[in-house]
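What follows is calculated from the coordinates using simple rules that are stated; it is not laboratory data. Please read all numbers here as calculations on a predicted model, not as lab measurements. Don't worry about glycine lacking a Cβ; one is built from the backbone with ideal geometry, like all the others, and counts go over all protein chains shown.
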Amino acid sequence: MRTTKAISITLPREMVRMIKTKVASGEYASDSEVVRDGLRTLQARDVALEKFLREEAAKSYDEYKIDPKNVVSIADVSAGLDARHRARRAKSRKK
């Protein structure tokens, strides 16, 4: 029984060039290997994102629902970063 199946896909010329370059460099043995590796990378990213959402984002949301006053607004974070950046620039100018 065959574990692979051939399909036909259409890609932008830039992506085809990238695949051909990877094969020509010897990094991959075939176009299919490049595509399979790209799909494995996409799958790993999806798994990592799902894990982050489940373990980190959901936890943070649950903590927010329990005690919303511990949340810092994006405006406050941005203002704090701006202030730190201005302070560092001012300090570096004095040197």
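Odds and ends about this structure:
- Whole-Hz ³J(HN,Hα) from phi, Karplus 6.51 cos²θ - 1.76 cosθ + 1.60, for region 31-45, glycine and proline x: 4, 4, 4, 4, 5, 4, 5, x, 5, 5, 5, 4, 5, 5, 5
- One chain, two ends: K59 and R89. Fully extended at 0.36 nm per residue, the span grows by 7.2 nm beyond their Cα-Cα distance.
- Rg and Dmax of region 13-94, Cα atoms only, in Å: 22.6, 57
- Selected from R40, R17, R84 as most flexible by GNM, with the chain as the system and alpha-carbon contacts under 10 Å: R84
- In a simple Cβ point-charge model (Lys, Arg +1; Asp, Glu -1; nothing else charged), region 13-94 has a dipole of about 800 debye relative to its Cα centre.
- Residue by residue, region 63-77 carries 3J(HN,Hα) couplings of 5, 4, 4, 6, 9, x, 6, 7, 8, 9, 6, 5, 5, 5, 4 Hz when phi is fed to the Karplus relation 6.51 cos²θ - 1.76 cosθ + 1.60 (θ = phi - 60°); x denotes Gly or Pro.
- Summed over qualifying helices (DSSP H, 4 residues or more, each -39500 (n - 2.57)) and divided by its residue number, the chain shows a 222 nm mean residue ellipticity of -22500 deg cm²/dmol.
- Long-range lysine pairs (8 or more apart or interchain), region 44-95, Cα under 27 Å: 4
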